[in-house]
Amino acid sequence: MTTTRIFAAKRILTMNPARPEATHVAVRDGRILGVGSLDELRGWGPSELDETLADKVLMPGLIEAHAHMMAGSLWRFVYTGYFDQAGPDGRVWPGCRSLPEVMAALRKAAAEMSDASTPVIGWGFDPIYFGEQRCSRHDLDQVSSTRPVALLHASGHILNCNTLVLQRADFLRADVNHPGFPLGADGLPTGELRGPEAMMPVFAHVGLGRELLGGDEVGIRAFGRICNRAGVTTVADLAATLGDGEVDNLLRVTGEADYPARVVSFLRLIGLSPKDAVARAVALREKDSERLRLGRIKIVADGSIQGFTARLRWPGYYNGAPQGLWYTAPEAVRECFELALKNGVQVHTHTNGDEATDMVLDCMQQALKTQPSPDHRFFLQHCQLADAAQFRRIKALNMGVNLFSNHIYYWGEQHAAVTVGPERAERMNACRTALNTGVPLAIHSDAPITPMGPLFTAWCAVNRLSSTGRVLGESECISVAQALHAITLGAAWSLGLDGEIGSIECGKRADFCVLDADPLEVAPQALKDIGIWGTVLGGKVFEVTSA
Amino acid sequence: MSIPTLIIGGYLGAGKTSLVNQMLRSANGLRIAVLVNDFGDLNIDADLIQGQDGDLLSLAGGCVCCSFGSDLVAALMQMAARQPRVDLVLIETSGVAVPGAVARSVRLVAGLRLQAIVGLLDAETCQARSQDRYVGDLILQQLHEADVLLLNKVDLVSEAALAACLQWLASVRPTAWVWPCQQADFSLEFLLEAARPIPDPVADPAADALATLDHWGGGERYRVPGAGHEAAFESAAWTLSAAQDPQQLCRTLEGQPSIVRAKGYFKDAAGRQWLLHKVGQRCELRESSLALGSDAVAGRLVVIALRGQMPQLMLA
């Protein structure tokens, strides 16, 4: 006979308007039997009362609907970011407040290595805080001249390496002439590698293989623990290559009893024709498990705004930078949409610039004419610069948006000063306009681009504070309740899983986020500071552990 | 000795894959390494494929095809170091690639030498696409960054449409060699030769040119009169269907002072193949083993003349 467990809590925020609050939730077979008072739930028959969470606030398990597996893979390396951050194992890595502190962290890691050839890799490096001071290969040679040393920037777009790595990659030459390789006074590359063209060829020499970044077992497990620390029970990986080996790994690791999250993995269109991608997605759908969901496609339409590779409409970049790049041709987007709609495959499309958004909306409009589909759940991911008219088109096409609210805090000032200028910076990630227009809304971190933390992301959407503490676009602020909806039911809807997760109600999966305080009670400015005790996944309790 | 590298650019549907297949079929013992953005876009003729090992396809005649995904430079380095040594690297770019950026990557790799950027254009759609709201700027950039332009699918458009297209190209890229073709019917040798600039002692004053189609005898003649009045030059191109007498062709071209440059490849009656250059008033002729592509083609010729003074050449 299966057991029924009733969790008592200080308060349960259900996200179900018919019964918004409760004190108890009953769980059987990993699902929610009911939510209400203890008396009501006793009606289900014999049960055990679990008071572990009696002084906690429960919410539906939070949903990070746009992250990357790399957010787990990187933690095996040396964190060198500016702010203190806890790793998946709970170890708190102190922030590095100066270039010498970064070097000290790397030297310490090198000193702890038992062999002589293992690369030393740092990540999260953010020299924006160190003024004009740049890191050069000579700095990293001080860490080691006999083993490869590399330092990945927080943006993910720049890598520094030591002289040995440059030599091994055959870039320590006087004839290197490429914008990705700044040269020193000696005419040789400084070891700073800018952009993927320059970085990628070096990855192999420092042990940063594509497979590793895509997620090996260690990475998948770390990814799960990061979710747990952020109160996340379902996470979307946008996007993966999903080869057979990768899928087997994912199925096995996420299927382990103590794996703390459900993973929704999107197949990236890159490397596949639309026809092959849709066929692959259809085939992958058959492999779905309770913890791993496949059979969805991610398209990248353009680049990034801070990298000046996003496609912007007139008048373009505030600093006059040239127009950005297309990563996928409009014809391919349209073909993929049509085939996917025909086969019932969900497609999410990355657009950063507003021209890219226009392009995708045009493709969707055409695709829907040939393949009318009332409930397609096609989403625009990031969609950072959409204006009100575009949101009206998005609504008309029955699409949704997953906005990148963390950008307001991390890069808002840069957007106002450099990339799009003050006016458009205020309309970036326009949550309020989306909701006013009736567009389904989710918000995300894009971890590891910014740290995973839906409560932090909600805080960004509610307060729209930049890193200097000013409000950027007050009219686009949303309420706490709206933000909480976006990181639960809103995100669940974006993944087509809103019938299963996203709220606490009878029949849904027993996935909860366990909080130390009530997000509806604390000041909106304090939303990001609420302690996360852990999560419950399918009725199993996962307390956040500290190292 | 560095390995020559050709970049094949052009938007979706311009015929890049057809051209790559042609190159492989006419490799004639050369070991070619073809790099494609991803196998997803690849449509290498099945009979050329001998085996696959991960990202690498082995092809007939010692050629290979490698998908580079997001890491072109690493793939280029791999090809530069490959044993047995590769004779030629061909990069088929993705339809949305900016060829200049690909060229920068090639220059980054020791052991490779950028031979040329070949731009393929779809005669049916290129002009309209250059006005496209989303990809117009990209199409123009691809056009501007190419060293030689292959105007493909000319058989699918009317003479008037082709004339208009060539005239438009002449206004956008007045000094580029534009080779009209169908089904990308160039041999590898031809392409390598076509992509090579004519040795020109004097800096090119702006061999402004190119243009229309009208049929002339057994050959097809492409010519556009008046590609904008400020242009000092115009050009014409022929696909020759009959054998030519080399000396006579030289004399014909040399006898026309208004022809400032010409470039051509053709067979003579004995089946020998010739390469012809005219720079200034002098024609250079050398025998060549150049294969021209399609068997139906006996030669190709592009002529640049002073505007309004394109002579009436009787060519078959």
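Computed quantities for the displayed model
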{"read-out": "Listed peptides A:76-85, B:77-86, A:502-511 by packing density, highest first (mean Cβ within 10 Å)", "value": "A:502-511, A:76-85, B:77-86"}
{"read-out": "Derived scalar couplings ³J(HN,Hα) [the range A:465-474; Karplus, 6.51 cos²θ - 1.76 cosθ + 1.60; whole Hz; x for Gly, Pro]", "value": "8, 7, 5, 8, x, 9, 7, 10, x, 4"}
{"read-out": "Share antiparallel - DSSP beta bridges, the range B:19-177, percent rounded to 5", "value": "30"}
{"read-out": "Solvent exposure ordering (accessible area, 1.4 Å, most first) of B:Lys263, A:Lys395", "value": "A:Lys395, B:Lys263"}
{"read-out": "Rounded to the nearest 10 Å², the accessible area of A:Asp89 at probe 1.4 Å", "value": "80"}
{"read-out": "Rounded to whole Hz, the Karplus (6.51, -1.76, 1.60) HN-Hα couplings of the range B:270-287, x for glycine and proline", "value": "7, x, 6, 10, 10, 10, 10, 10, 10, 10, x, 9, 10, 9, 10, 10, 9, 6"}
{"read-out": "Accessible area expressed per residue, the range A:1-104, with surrounding protein chains retained (probe 1.4 Å, Å²)", "value": "43"}
{"read-out": "Cα-based equivalent ellipsoid, the protein assembly as shown: semi-axes from gyration tensor eigenvalues, Å", "value": "57, 29, 24"}
{"read-out": "Label point distance in nm, A:Thr545-B:Leu140, each placed 7 Å from Cα along Cα→Cβ", "value": "6.1"}
{"read-out": "For A:Gly187, net neighbour charge (Lys/Arg +1, Asp/Glu -1) across residues whose Cβ lies under 13 Å away", "value": "-1"}
{"read-out": "FRET efficiency, B:Glu159 to A:Asp248 (Cβ-Cβ, R0 45 Å, nearest 0.05)", "value": "0.15"}
{"read-out": "Computed P(r) (all Cα pairs; the range A:491-547; 10 Å bins; percent)", "value": "21, 38, 37, 4"}
{"read-out": "Taking the convex hull of Cα positions in the range A:30-119, its mean projected area over all directions (nm²)", "value": "10.6"}
{"read-out": "Selection of GluC sites (Glu not before Pro), the range A:1-90, meeting DSSP coil and at most 12 other Cβ within 10 Å", "value": "A:Glu51"}
{"read-out": "Shielding by partners - mean other protein chain Cβ count within 10 Å, residues of B:103-111", "value": "4"}
{"read-out": "Per-residue SASA entry for A:Asp175, accessible area with 1.4 Å probe, Å² rounded to 10", "value": "100"}
{"read-out": "Under 5 Å, built H, 5+ apart or other chain: amide partners of B:Leu150", "value": "B:Gly119, B:Leu120, B:Leu121, B:Trp179"}
{"read-out": "Binned Cα-Cα distance frequencies in the range B:77-146 - 5 Å width, integer %", "value": "3, 14, 24, 20, 14, 10, 8, 5, 2, 0"}
{"read-out": "Diffusion coefficient, µm² s⁻¹, Stokes-Einstein with Kirkwood Rh over alpha-carbon pairs of the range A:64-112 at 10 °C and 1.306 mPa s", "value": "134"}
{"read-out": "Cα centroid separation - the range B:50-98 against the range A:368-390, whole Å", "value": "37"}
{"read-out": "Length gained when the stretch A:Ala18-A:Ala111 is fully extended (0.36 nm per residue, less Cα-Cα span)", "value": "27.6 nm"}
{"read-out": "Whole-Hz ³J(HN,Hα) from phi, Karplus 6.51 cos²θ - 1.76 cosθ + 1.60, for the range A:443-456, glycine and proline x", "value": "9, 8, 9, 6, 3, x, 4, 10, x, 5, x, x, 5, 5"}
{"read-out": "Packing rank of A:410-418, A:106-114, where each peptide gets the mean count of other beta carbons within 10 Å, highest leading", "value": "A:410-418, A:106-114"}
{"read-out": "For the range A:368-465: rounded, prolate or oblate by the Cα gyration tensor [a/c cutoff 1.5]", "value": "prolate"}
{"read-out": "Cut-off under 5 Å, modelled amide H: who pairs with B:Ile91 long-range", "value": "B:Leu6, B:Ile7, B:Ile8, B:Leu35"}
{"read-out": "Relative counts (whole %) of C-alpha pair distances in the range B:10-85, using bins that are 10 Å wide", "value": "18, 55, 26, 1"}
{"read-out": "Stretchable slack from A:Ser467 to A:Cys506, in nm (0.36 nm times residue separation minus alpha-carbon distance)", "value": "9.9 nm"}
{"read-out": "Rg in Å to one decimal, and Dmax rounded to a whole Å, for the range A:46-187 via C-alpha atoms", "value": "20.2, 79"}
{"read-out": "Residue mean of other protein chain beta carbons inside 10 Å, A:194-206", "value": "4"}
{"read-out": "Buried accessible area, chains A and B (both chains, 1.4 Å probe, Å² to nearest 100)", "value": "2200"}
{"read-out": "A:Arg97/A:Asp141 FRET efficiency (R0 22 Å; Cβ-Cβ; nearest 0.05)", "value": "0.45"}
{"read-out": "By accessible area with a 1.4 Å probe, ligands and nucleic acids excluded, highest first: order of A:Asp141, A:Asp258", "value": "A:Asp258, A:Asp141"}
{"read-out": "Theoretical ellipticity at 222 nm over the protein assembly as shown - DSSP helices of four or more residues, -39500 (n - 2.57) apiece, nearest 500", "value": "-8000 deg cm²/dmol"}
{"read-out": "Cα-derived Rg to Rh of the range A:110-185, Kirkwood definition", "value": "0.97"}
{"read-out": "Rounded FRET efficiency, nearest 0.05, which uses the C-beta distance separating B:Asn43 from A:Ala283 and R0 of 22 Å", "value": "0.55"}
{"read-out": "10 Å Cβ neighbours from other chains, averaged over peptide B:73-79", "value": "4"}
{"read-out": "Solvent accessible area, Å² - A:Met103, 1.4 Å probe, full protein context", "value": "10"}
{"read-out": "Helix A:196-206 vs. chain A, principal-axis angle (Cα, 0 to 90°, nearest 10)", "value": "90"}
{"read-out": "Computed over the range A:314-387, Cα set: Rg, Dmax in Å", "value": "13.4, 43"}
{"read-out": "Per DSSP, loop trypsin sites (Lys or Arg not before Pro) in the range A:112-220 with at most 14 further Cβ within 10 Å", "value": "A:Arg134"}
{"read-out": "Rounded percent of accessible protein surface that carbon and sulfur make up, the protein assembly as shown, 1.4 Å probe", "value": "51"}
{"read-out": "The protein assembly as shown: antiparallel DSSP beta bridges as a percent of all, rounded to 5", "value": "55"}
{"read-out": "For the range A:267-320, radius of gyration divided by Kirkwood radius, i.e. Rg to Rh on alpha-carbons", "value": "1.23"}
{"read-out": "Kirkwood estimate for the range A:210-320, i.e. one over the average of 1/r between Cα atoms, Å", "value": "15.5"}
{"read-out": "Accessible area, probe 1.4 Å, largest first, for residues A:Val247, A:Val480", "value": "A:Val480, A:Val247"}
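The values are calculated or read from the model by the stated rules, or taken from the named source; none is laboratory data. For clarity, every value in this text was computed on a predicted model and none was experimentally measured. Glycine gets a Cβ as well: all are built from the backbone with ideal geometry, and neighbour counts include every protein chain shown. Each accessible area value is taken on the protein alone, full model and side chains, heavy atoms only, with ligands, DNA and RNA left out. Shrake-Rupley method; radii C 1.70, N 1.55, O 1.52, S 1.80 Å.
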